[in-house]
Amino acid sequence: MDHPRAGLKYVAAKDLDGSTIDFDQLDVVGSDGEKLGKVDGFVVDVDDDLRPYYVVVNAGGWFTSKYFLLAIGQVTCNTPGRTLVADLSRDRIAHYPGFDRDEFNRISDDELGQLDRTMITICSPAEPASASAMFHTPGWWDPVGRRRDEPSRFGTDSSDPVA
């Protein structure tokens, strides 16, 4: 897979306070229009200018786990409607594996790769999506409203607000 494991970190949406979009508790809906939950945070690569890999969605009780991941390439931003829209239906996402924020930093490269393969297979069982399409950085992603040459405040220092 296309993951630089060492740099991937969970960042709470509320900590992206410089973003041009207020992601904290932003609604997430499926392609069928059904509510999937609210944005809880993102899994980003702190070593690659906060490149996003996943949206962490708080399912609010309908899902088998409290949280699940959406690959960033599966999501579009509907700013006027204040929602993120997944290109999958709620029925399809119901087959996704759950996500535990507290366990994320302890999962292995192999486990992360298996998670990706499972999600890719569920997304397009007849024709699996490519990893590059699943994890392509969308144009709406602006996590801290800064220029690319400015240092990130979400580095690996223990004082940073990365959970």
(message) Against the condition in contact (Cβ under 8 Å) with a residue 24 or more places away in the chain, part of a helix (DSSP H, G or I) and either surrounded by 13 or more Cβ atoms within 10 Å (Cβ to Cβ) or out of contact with any Phe, Trp or Tyr (no Cβ under 8 Å at 6 or more places or on another chain) (or both), how does Asp91 come out, does it pass?
(response) yes
(message) Can you tell me which residue is modelled with the lowest pLDDT among those in segment 24-62 that are among the β-branched types (Val, Ile, Thr) and over 11 Å from the mean Cα position of the chain (by Cα)?
(response) Val46
(request) Within segment 79-86, identify whether any single residue is in a loop (DSSP other than H, G, I, E, B) and buried (at least 20 other Cβ atoms within 10 Å of the Cβ), and answer yes or no. (result) no
(message) For segment 31-46, give me the residue count where each residue is within 25 Å of Glu103 (Cβ to Cβ) and in a loop (DSSP other than H, G, I, E, B).
(response) 1
(message) Kindly evaluate Phe68 against the criterion of being in contact with a Pro (Cβ under 9 Å, 6 or more places away or on another chain), in a strand (DSSP E or B) and within 24 Å of Lys9 (Cβ to Cβ).
(response) yes
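The values are calculated or read from the model by the stated rules, or taken from the named source; none is laboratory data. Here the structure is a predicted model, which means the values were calculated and not measured. Methodologically, a virtual Cβ is constructed for each residue, glycine included, from the backbone with ideal geometry; neighbour enumeration extends over all protein chains shown.
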